[in-house]
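The structure under discussion appears below in the form of structure tokens.
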Amino acid sequence: MAVNSSSNPTLMASLAKLPVPDLHDTVARFAEAARPLFSADEFETCLAKLNDFVATQGPTLQARLHQRSAEHANWLEDWWNEYAYFLNRSSV
């Protein structure tokens with residue numbers, strides 16, 4: 001029988017916090033996954049946009065994720081529940 005950790009505060013307190021992924025690692029993993037989906041020219045455009053993101057908006061958004069992580073036991077849980085479970089009405 002599985003234990004629902006969200007209804008067991010003692011178990012929740014013993015779990016490690018979900019880490020915020022590193023911005024550069026995330027962008028690199030995205031680029032690697034996206035590569036087969038683009039032509040060479042399209043991929044160069046994608047890389048330019050990723051580099052622009054890392055240089056402009058990325059650090060601000062990363063800092064906001066770290067702030068959220070400091071304020072919540074799990075920075076992703078609310079978003080995951082809302083967008084992955086509750087809003088998705090596709091049949092399985």
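The values are calculated or read from the model by the stated rules, or taken from the named source; none is laboratory data. Every value quoted in this text rests on a predicted model; they were computed, and no experiment measured them. We place every Cβ from the backbone using ideal geometry, glycine too, and count neighbours over all the protein chains shown. We work out accessible area using only protein heavy atoms, side chains counted, and drop any ligands, DNA or RNA first. Shrake-Rupley method; radii C 1.70, N 1.55, O 1.52, S 1.80 Å.
Here are the numbers for this structure:
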item	result
The stretch 13-28: number of residues that are outside any loop (DSSP other than H, G, I, E, B) and over 16 Å from residue 61 (Cβ atoms)	3
When residues of the stretch 47-83 are limited to those that are β-branched (Val, Ile, Thr) and assigned to a helix (DSSP H, G or I), the one surrounded by the fewest Cβ atoms within 10 Å (Cβ to Cβ)	60
Restricting the stretch 29-46 to residues that are in a helix (DSSP H, G or I) and not hydrophobic (A, V, I, L, M, F, W, C), the residue that is most open to solvent (accessible area, probe 1.4 Å)	29
Selection from the stretch 9-28 of residues that are modelled with pLDDT under 95 and surrounded by 11 or more Cβ atoms within 10 Å (Cβ to Cβ)	11, 12, 17, 18
Criterion (charged (D, E, K, R) and in contact with a helix residue (DSSP H, G or I) (Cβ under 9 Å, 6 or more places away or on another chain)) met by exactly one of 35, 64	35
